[in-house]
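J.: This is the structure, below, for whatever I ask next.
The values are calculated or read from the model by the stated rules, or taken from the named source; none is laboratory data. If you're wondering where the values come from, they're calculated on a predicted model, not measured in any experiment. Counting neighbours? That spans all protein chains shown, and the Cβs are built from the backbone with ideal geometry, glycine included.
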Ligand SMILES: [Zn+2]
Ligand SMILES: [Zn+2]
Ligand SMILES: [Zn+2]
């Protein structure tokens, strides 16, 4: 084990023997020569921040495909211009990424050369997977139908404004909704049906404003319940009594909806909760983990095994370190973002998807293997800086480049923030590690001042001038833009969204969808641990509930016996 000082924030961090064994195991081999990955020079948080600074999940811009000239959305801001192909053109034979290939120049930095290649070679406008029907407005999503502005989402139908949506039908305004139907304004709900304004629930249905409930139905404003029905503000009622209480409530009214939302928040602030979120975990340390084994320092993972410093990886990710999204059957990989889809042994790669293997320092690759410093390719092998080599040439040249990169101290580091294509403020890094423009620029990050133009609508109304109740909303609302009181950005209601609100008796939103996303994000615990004591047995625990919070936090054992 060694103690190290982070090169960036100067905090101390530990590299354990187990970590060292992992770095050794995933170190690449060329011609029987293993080239050791050095120990990290940044602490886990600074590594995650650096990775996230190259990932724009939320900001989309209207542009044209540079090949077929069709209108498309893209994640890339207009300046400086990035060559963009629509999904169809990118996958077509009408162009060849190897035409942008370059010889490696030993007199220059590797990162600089990859950055030039990235800038020159056209890339896909958005990151979309699978077959999608009538779902043009999405990014980092796939296999969905009739959906709009969903991200980190797959297998969804009729879903709008969701983040972390998997296998959902008719879910709107959510953060981590898995296998859910007809859920609105919910955060971290699994296998739920017909929930509104709820958080941390599993197998619940036909209820509103629940928190930390499992197996409950027909409940209203309840916390910490297991397998209950007809509970109103945590009180057991008869069906008749419950119906009478519910009849007095009209959640179609924006004012009433906010009142109950605030009441849930108030009630939860004095309640007892478990030290972490998630279930079915074995030998894990992290938060929001489901079905995980040996997952350490990891967050928002499902079906993971032997992983460390992994975030939002799902479905069979195994033996990985430092991965941000998405992981589906990803293994033996280190320092990657948005990678997975049956991929193996990816190092320092951004978007290695669908059957990729042995990629090092690659960017936006599909179905490719044994490539080094390549960008925007599919079905390629033995390429360096997008230039084609034979297997023998490849195995000879890569170790030479790595030798050079050891000298320049580039080997073992993720792409530098100066080479991100996005301003720090437009990336996921700003969500988890917020910086002012000045701070970001001082740290070598870019900043993006450009804002996409507002939708072209003549009539803009203030959110407070909307009818309070959905039943009073006329179809004309589709013709106006609503001004968000916080961001001052305007947004439109789309017809299918209005239909959903009317059917479910939900008031119109008053805030821009980016602001709504941010509010839901803030409802969750941060990715940070604090030392505190179980408020029942006084045992020492590490938890994402900071000590100054008003909830009572129990260790897992005490929470279990309190619940039974
Ligand atoms: Zn650090
Ligand atoms: Zn095109
Ligand atoms: Zn305890």
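J.: Looking at 427, 390, which is the one that is under 28 Å from the mean Cα position of the chain (by Cα) and farther than 19 Å from residue 107 by Cβ?
T.: Sole residue among the options that is under 28 Å from the mean Cα position of the chain (by Cα) and farther than 19 Å from residue 107 by Cβ: 427.
J.: Could you tell me which of the residues 97, 77 is surrounded by 14 or more Cβ atoms within 10 Å (Cβ to Cβ), in contact (Cβ under 8 Å) with a residue 60 or more places away in the chain and more than 28 Å from residue 161 (Cα to Cα)?
T.: 97
J.: Free of Cβ contacts under 8 Å to residues at least 12 places away in the same chain and farther than 19 Å from residue 323 by Cα: is that true of residue 71 in this structure?
T.: For residue 71, the condition - free of Cβ contacts under 8 Å to residues at least 12 places away in the same chain and farther than 19 Å from residue 323 by Cα - is met.
J.: Separate question: In region 120-155, what count of residues is obtained for those that are touching a residue at least 40 places away in the same chain (Cβ under 8 Å), out of contact with any helix residue (DSSP H, G or I) (no Cβ under 8 Å at 6 or more places or on another chain) and not in a strand (DSSP E or B)?
T.: The number of residues fulfilling the criteria is 3.
J.: Do we have residue 370 as more than 18 Å from residue 98 (Cα to Cα), in contact (Cβ under 8 Å) with a residue 12 or more places away in the chain and assigned to a strand (DSSP E or B) here?
T.: In short, no.
J.: Still on this structure, I have one more. Would you say residue 115 is more than 16 Å from ligand 2 (Cβ to nearest atom), part of a strand (DSSP E or B) and crowded, with 18+ Cβ neighbours inside 10 Å?
T.: No: the conditions fail for residue 115.
J.: Among the residues of region 43-54, is there at least one that is without any contact (Cβ under 8 Å) to a residue 60 or more places away in the chain and within 30 Å of residue 15 (Cα to Cα)?
T.: Yes, region 43-54 has at least one match.
J.: Are any residues in region 1-19 surrounded by 14 or more Cβ atoms within 10 Å (Cβ to Cβ) and either away from ligand 1 (no atom under 16 Å from the Cβ) or closer than 22 Å to residue 320 by Cα (or both), and if so, which ones?
T.: 4, 6, 13, 15, 19
J.: From the list 108, 87, 50, pick out the single residue that is more than 16 Å from ligand 3 (Cβ to nearest atom) and in contact with a strand residue (DSSP E or B) (Cβ under 8 Å, 6 or more places away or on another chain).
T.: 87
J.: Okay, moving on. Out of curiosity, is residue 365 touching a strand residue (DSSP E or B) at 6+ places or on another chain (Cβ under 6 Å), over 29 Å from residue 20 (Cα atoms) and touching a residue at least 12 places away in the same chain (Cβ under 8 Å)?
T.: no
J.: Related question: With the condition kept exactly as written, say whether any residue in region 1-17 is at pLDDT 95 or above, assigned to a loop (DSSP other than H, G, I, E, B) and within 16 Å of ligand 2 (Cβ to nearest atom).
T.: No, that holds for no residue.
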